[in-house]
Amino acid sequence: MIASSWLPGALAGGVISLVVSLAFSFIQPRIRRWQLTRGLAVEIDPPHGPHARLRVANRGYWTVKDTIVYMALEFSADDVAPPPDRGAFITPELFVPMEDEQLCWSVRSPTPNPIRVDIFARERQPICPCLIEPDCILIPSEELGKEGKWRVSLHRREYHGQLKVVSADTDARYFSLVIDPDNRSQPLGVRPLQRRESRERV
């Protein structure tokens, strides 16, 4: 009789334990993803010669895998300048808008200038969105290499655009981008955007 009185309590405890376990397994990954997304940041590095430099920082507690940065930039065919060498994919004759183009990382491992990288907790990975030359602004392409082309060469003026940072472990984060070639100390300006401010295409 005493043992049977424990049965309802044991069953209730088992059910509660199962519900808590299922809720934790469902909610915990989403909390982790939310925290990692909030921890992604784009920080500005001082320019190195013509190279305007950024760092994508992981301020979270776990590794962010397969991180990719996309750049959109507002310019017209009249803004496109002849590249000083190598040629370019976007020209006045072959003009297309620059929307969500992948940037290469400024790292050498596991391969030189990969499209995607892992960012460990509290790590900052470097990326160069453009080169500021005396007579133009050069946007690199993923095929630059020794014989590849620039993505586009632009006349020197101020340009506005957007960065989108995505990874296997986070939602997308958006940042406004300003390129000001006349600001010698820091030609780049970056600030976080809310999703409603972004120009992501549906």
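The values are calculated or read from the model by the stated rules, or taken from the named source; none is laboratory data. The model shown is predicted, which means the values in this text are computed figures rather than measured ones. No Cβ is skipped: glycine too gets one built from the backbone with ideal geometry, and neighbour counts run over all protein chains shown.
Taking the criterion of being under 19 Å from residue 138 (Cβ atoms) and without any contact (Cβ under 8 Å) to a residue 24 or more places away in the chain, would at least one residue in the stretch 149-169 satisfy it?
no
Let's see how each residue does on (1) surrounded by fewer than 20 Cβ atoms within 10 Å (Cβ to Cβ); (2) modelled with pLDDT of 95 or more:
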{"position": "66", "(1), (2)": "yes, yes"}
{"position": "79", "(1), (2)": "yes, yes"}
{"position": "100", "(1), (2)": "yes, no"}
{"position": "110", "(1), (2)": "yes, no"}
{"position": "120", "(1), (2)": "yes, yes"}
{"position": "124", "(1), (2)": "yes, yes"}
{"position": "137", "(1), (2)": "no, yes"}
{"position": "142", "(1), (2)": "yes, no"}
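Identify all residues within the stretch 69-106 that are more than 30 Å from residue 58 (Cα to Cα) and of a type in the set (S, T, N, Q); write none if there are none.
Of everything in the stretch 69-106, those that are more than 30 Å from residue 58 (Cα to Cα) and of a type in the set (S, T, N, Q) turn out to be 76, 91.
Which condition number in (1) in contact with a strand residue (DSSP E or B) (Cβ under 6 Å, 6 or more places away or on another chain); (2) surrounded by 19 or more Cβ atoms within 10 Å (Cβ to Cβ); (3) in contact (Cβ under 8 Å) with a residue 40 or more places away in the chain is the one that residue 104 fails?
Among (1) in contact with a strand residue (DSSP E or B) (Cβ under 6 Å, 6 or more places away or on another chain); (2) surrounded by 19 or more Cβ atoms within 10 Å (Cβ to Cβ); (3) in contact (Cβ under 8 Å) with a residue 40 or more places away in the chain, the lone unmet condition for residue 104 is (1).
Do you know which residues across the stretch 34-52 are crowded, with 19+ Cβ neighbours inside 10 Å and touching an Asp or Glu at 6+ places or on another chain (Cβ under 8 Å)?
Once the filter is applied, which keeps residues that are crowded, with 19+ Cβ neighbours inside 10 Å and touching an Asp or Glu at 6+ places or on another chain (Cβ under 8 Å), the stretch 34-52 yields only 36.
Mind listing whichever residues of the stretch 160-188 are exposed (fewer than 15 other Cβ atoms within 10 Å of the Cβ) and assigned to a strand (DSSP E or B)?
Correct list: 160, 171, 178.
Considering only residues that are under 15 Å from residue 157 (Cβ atoms) and at pLDDT 95 or above, which ones fall in the stretch 183-198?
187, 188, 189
Kindly indicate whether any position in the stretch 49-62 is at pLDDT below 95 and at positive phi.
Scanning the stretch 49-62, I find at least one residue that is at pLDDT below 95 and at positive phi, so the answer is yes.
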